[in-house]
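A.B. asks: My questions all concern the structure below.
Values in this text are rule-based calculations from the coordinates and carry no lab data. Remember, it's a predicted structure, so these values are computed and weren't measured experimentally. Because the Cβ atoms are built from the backbone with ideal geometry, glycine has one as well, and the counts that use them run over all protein chains shown.
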Amino acid sequence: MNILETIVAEKQAELKKLMPLPSALENLLWTVNALGPRRNFLSALRYPANGRIGLIAEVKKASPSAGVIC
């Protein structure tokens, strides 16, 4: 590695330390905005589209109290 490559590598490492990382809130806001338009939750349950049933479900493999469920 020549001197110029060494300087560039050191500066890149220095800049990496100085650049602020996005906060968890910024990441969350970016993700929410990237999802597109929000749907009205209550309207989806009251007036299901195409005659479908409105359903809320949670599927999980285990719970802290009961252990493995399936």
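A.B. asks: State all residues of segment 27-56 that are under 19 Å from the mean Cα position of the chain (by Cα) and assigned to a loop (DSSP other than H, G, I, E, B); if no residue qualifies, say none.
C.D. replies: Hits for segment 27-56 are Leu35, Gly36, Pro37, Arg38, Arg39.
A.B. asks: Also, quick follow-up: Kindly provide the set of residues from segment 1-11 that are of a type in the set (S, T, N, Q) and surrounded by 10 or more Cβ atoms within 10 Å (Cβ to Cβ), ordered by number.
C.D. replies: Listed by number, the list holds a single entry, Thr6.
A.B. asks: Report, by residue number, each residue of segment 20-51 that is among the hydroxyl-bearing types (Ser, Thr, Tyr) and exposed (fewer than 10 other Cβ atoms within 10 Å of the Cβ).
C.D. replies: Ser23, Thr31, Tyr47
A.B. asks: Oh, and also: What single numbered condition from (1) at positive phi; (2) of a type outside the set (Asp, Glu); (3) assigned to a loop (DSSP other than H, G, I, E, B) fails to hold for Val59?
C.D. replies: Only one criterion in (1) at positive phi; (2) of a type outside the set (Asp, Glu); (3) assigned to a loop (DSSP other than H, G, I, E, B) is unmet by Val59, namely (1).
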